[in-house]
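In what follows, a single structure is set out as structure tokens and then discussed.
Coordinate-derived values only; no laboratory data. Keep in mind the model is a prediction, meaning the values are calculated, not measured. Positions of Cβ are generated from backbone atoms using ideal geometry, with glycine treated the same way; all protein chains shown enter the neighbour counts.
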Amino acid sequence: MTFLAIPAPARAGFARAAATLAACLALAGGAHAQLGPRAPLNQPAQPASPGAPFATKPVPTLPAPARPTLPPARTGFVDRIVAVVNNEVITQKELDERVRLVALQLQAQRVPLPPIDVLERQVLERMITDRVQVQFALETGLRIDDLQLDRTLGMMAEQNRMS
């Protein structure tokens with residue numbers, strides 16, 4: 001196994017760059033980084049060590065900035081993919097919205113709701129089937145005229161007692 005040998009001057013340059021980066025991060029982000037002992041504010045700065053590009057000066061310590069209070073976090077909800085249908089995804093948010101709509105429709109029809117996990121599975125299966133059918137129709141160039149669509153919607157409304 002071969003290791004890359006880094007010359008001492010380059011290693012020193014890396015160390016200075018790392019120290020500078022840590023100092024910038026500490027000043028910019030309010031992060032707590034310790035670069036070494038600091039001289040008290042009322043004492044003069046220590047002379048620069050040989051080979052250092054600049055003299056070190058004491059850095060005044062500022063009080064930590066007040067962190068803004070954040071609104072209480074929701075229950076950790078992050079939208080996620082629950083199904084992939086060919087090249088399309090169904091997200092948790094889409095599924096939750098559809099489950100909510102189906103539950104409202106079932107309640108309006110006075111139909112008892114199944115357990116939520118059963119309802120979610122059934123709704124997800126229906127969403128997947130719908131996506132597959134739409135994708136198939138687009139791929140095959142299937143067209144439905146307005147008259148046929150109106151008739152089908154009318155029949156669906158009658159079946160669901162919504163006419």
Do any trypsin sites (Lys or Arg not before Pro) in the stretch 123-156 lie in a loop, going by DSSP, with at most 14 other beta-carbon atoms within 10 Å of their beta carbon, and if so which? Arg143
Along Cα→Cβ, 7 Å out, is where each label goes; now give me the distance between the ones at Ala103 and Val118 in nm to one decimal. 1.6
